[in-house]
Each structure stands twice: as C-alpha cells, then as structure tokens.
1. Of the conditions (1) more than 17 Å from residue 41 (Cα to Cα); (2) assigned by TED's automatic domain parsing to the domain that holds residue 106; (3) surrounded by fewer than 17 Cβ atoms within 10 Å (Cβ to Cβ), residue 136 satisfies every one except a single condition; which number is it?
2. Hey, does region 160-177 have a residue that's surrounded by fewer than 20 Cβ atoms within 10 Å (Cβ to Cβ), touching a strand residue (DSSP E or B) at 6+ places or on another chain (Cβ under 7 Å), within 16 Å of residue 236 (Cα to Cα) and modelled with pLDDT of 95 or more?
3. Residues that are farther than 11 Å from residue 8 by Cα, touching a helix residue (DSSP H, G or I) at 6+ places or on another chain (Cβ under 8 Å) and part of a strand (DSSP E or B): does region 110-124 have at least one?
4. Residue 275: touching a residue at least 40 places away in the same chain (Cβ under 8 Å) and more than 17 Å from the chain's Cα centre (by Cα), yes or no?
5. Here is a list: 63, 80, 58, 45. Which entry is farther than 27 Å from residue 287 by Cβ, assigned by TED's automatic domain parsing to the domain that holds residue 131 and touching a helix residue (DSSP H, G or I) at 6+ places or on another chain (Cβ under 9 Å)?
6. Is there a residue in region 76-83 that is without any contact (Cβ under 8 Å) to a residue 24 or more places away in the chain, closer than 22 Å to residue 296 by Cβ and under 17 Å from the mean Cα position of the chain (by Cα)?
7. Any residue at all in region 14-21 that's touching a helix residue (DSSP H, G or I) at 6+ places or on another chain (Cβ under 6 Å) and modelled with pLDDT of 75 or more?
C-alpha cells in the first residue's frame with residue numbers, strides 16, 4: 001500500500017489519509033517550484049505509467065514534441081510497503097533511476113529535502129543541473145511544459161493558448177474533485193456515506209461533461225488543450241480499473257456516447273496510444289491496493305486497445 005516520509009524517514013501505512021467523515025483526503029503536492037530557464041537536456045520527468053497524474057506529463061511532452069528536450073523514466077508499477085520503487089532487473093517491468101541509480105523513489109525526495117514529511121508521489125520534474133526536485137504537482141508541470149518548454153518542441157502545438165487559459169483553468173478545476181479525484185474518493189472512502197457522496201458527484205459530473213461534449217470535440221471547444229489531457233488520463237483508466245476496483249460501476253465510459261468519442265479521439269492523436277500502458281495500469285491498481293483486493297489478482301480484460309481502435 002506504500003507509506004510516507006516523516007522527517008526524512010520512511011513509515012509504512014496500510015491506508016490513505018481520510019477526513020473526519022471517512023472521505024479520502026489527498027495530500028497537497030509539496031514541491032511547487034518553477035523553472036528558471038527551460039533548457040533542452042536539463043530536466044527529467046520521473047513518472048509511473050500506471051498513474052493518471054504522471055501520465056498527463058508524458059502525453060503533453062509527446063503532443064508538444066519535447067522528446068529530445070526532456071528525458072523521462074518510469075518506476076515499477078507495483079507499489080507495496082516501500083512505495084514506488086525502481087526495478088532494473090525485472091524482466092516484465094524494467095525500470096531504473098538513470099540519474100542517481102536509486103532503489104526507491106523516496107530517496108530522491110530525501111535528496112531534495114533531507115527532512116521532508118509527506119507522501120512520495122509522481123510525476124516529478126527534476127533539474128539535473130541543480131540536482132533537485134523542482135515540482136511534483138502534475139497540473140503545474142503540464143502548464144510549464146505548455147508554456148516555458150513549448151518553444152523547444154517540434155510539433156508547434158499550442159496546448160495552453162492565452163485567450164483560453166481562464167476557460168482551461170476553470171474546466172480543470174470543475175472536473176478535478178468530482179472526476180479526477182472522485183474515482184479515488186470512491187475507492188478509498190472509509191465510510192459508506194463518504195463513498196455515496198463521492199459516487200453521486202462523480203456520475204453527476206460525467207453526465208455533465210458528456211452533455212458538454214455533444215456539440216464540440218474538446219473540453220474548450222475545437223481546440224486541443226491541456227484540459228483534455230487532464231480529463232483523458234482518468235477516463236482511459238475508468239473501464240479497465242475504476243469500474244470494478246473503485247466500485248464506480250454505475251456506468252462504463254463507453255456507455256456515455258460523447259465521452260467515449262472523446263476518449264477515442266484523444267487515443268488516436270499521434271503518439272498518445274504509445275503512452276498508454278494497460279499492463280502497468282492493471283498491475284498497479286489491482287496488485288498494489290491490497291486493502292481493496294487482498295489476493296492481488298490482476299484481471300486480463302477488457303481489451304481496451306481493441307475497443308478504442310474499433
């Protein structure tokens with residue numbers, strides 16, 4: 001299940017933090033720095049292919065054509081008592097820290113702050129020149145990629161256009177808690193009342209966005225933006241994982257005609273499908289969360305690639 005650092009020391013935990021009502025309480029990201037100067041080759045993204053928040057950064061990197069400007073590496077999908085780990089010798093999921101050769105992701109947090117207290121999360125934007133963690137908040141990282149780093153890209157994509165920024169930010173705020181965080185609020189609720197509240201808010205928001213997408217291709221109209229990426233990485237995990245694992249089984253995403261068309265549209269964008277690793281996604285959720293799935297069995301289906309390309 002993982003754990004957290006307390007004054008730079010690792011403490012294992014068997015459940016996530018909750019509020020007084022039993023509702024899942026997500027920790028706020030602690031490293032909120034900005035890049036002083038975006039330089040090709042200077043920055044590195046630490047991600048997990050399983051994590052929707054980290055997945056955002058890889059998609060934006062791809063859409064902007066930043067592959068040669070920003071390097072990246074992934075952790076192993078299984079997250080147990082030691083949290084996120086690197087496993088270079090794992091034949092199925094090889095992963096390593098190419099900068100320091102660390103075994104645990106938490107060691108990088110301690111490098112950045114020897115007295116750090118909090119959860120150890122991905123994504124992480126690491127500055128190789130100053131050798132420290134710049135930012136671990138996905139929404140801020142994708143904004144930086146779409147502004148500071150965009151001139152280094154090769155595609156010319158504009159994912160955070162100034163005229164739409166207020167609309168983009170408002171949309172991301174609107175679907176963050178009921179959808180992005182809402183699936184976790186359902187899955188990690190510790191009381192039925194907290195689960196029911198999260199469940200109802202989640203499906204009300206899905207209904208709302210399905211209706212909003214009826215007459216437009218993307219969240220903010222016909223322009224592809226970071227808001228679309230932020231919603232997509234949750235929706236792509238919904239049917240293969242959240243539907244069962246987080247008890248969000250009222251409806252599949254494919255039962256929402258406009259949301260499903262949106263997911264398929266996003267998946268078909270050049271390079272996006274290559275960032276989606278359903279094996280990592282299933283292994284992480286079903287095998288890591290032993291309080292929800294004690295045996296750790298990982299189901300095979302559905303075949304999302306076939307459904308998305310149909």
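1. (3)
2. no
3. yes
4. Numbers: touching a residue at least 40 places away in the same chain (Cβ under 8 Å): yes; more than 17 Å from the chain's Cα centre (by Cα): no.
When the stated conditions are applied, residue 275 does not pass them.
5. Details: 80 fails: farther than 27 Å from residue 287 by Cβ; 58 fails: farther than 27 Å from residue 287 by Cβ; 45 fails: farther than 27 Å from residue 287 by Cβ.
After ruling out the rest, the residue left standing is 63.
6. Of region 76-83, the ones without any contact (Cβ under 8 Å) to a residue 24 or more places away in the chain are 76.
Imposing the further condition that a residue be closer than 22 Å to residue 296 by Cβ reduces the set to 76.
After this cut, where a residue has to be under 17 Å from the mean Cα position of the chain (by Cα) as well, the list is 76.
Yes, region 76-83 has at least one match.
7. The first filter runs over region 14-21 and keeps only residues touching a helix residue (DSSP H, G or I) at 6+ places or on another chain (Cβ under 6 Å), leaving 21.
Now narrow it down to the ones that are modelled with pLDDT of 75 or more: none.
Looking for residues that are touching a helix residue (DSSP H, G or I) at 6+ places or on another chain (Cβ under 6 Å) and modelled with pLDDT of 75 or more, one finds none in region 14-21, hence no.
Every residue, every condition in (1) surrounded by 19 or more Cβ atoms within 10 Å (Cβ to Cβ); (2) at pLDDT below 95; (3) out of contact with any helix residue (DSSP H, G or I) (no Cβ under 6 Å at 6 or more places or on another chain); (4) farther than 27 Å from residue 65 by Cα, yes or no:
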{"site": "266", "(1), (2), (3), (4)": "yes, no, no, no"}
{"site": "273", "(1), (2), (3), (4)": "no, no, no, no"}
{"site": "280", "(1), (2), (3), (4)": "yes, no, yes, no"}
{"site": "298", "(1), (2), (3), (4)": "no, no, no, yes"}
{"site": "306", "(1), (2), (3), (4)": "no, yes, yes, no"}
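The values are calculated or read from the model by the stated rules, or taken from the named source; none is laboratory data. What you see is a predicted model, and the numbers here were worked out from it, not measured in a lab. When we count neighbours, we look across all protein chains shown, and the Cβ atoms used for this are built from the backbone with ideal geometry, even at glycine.
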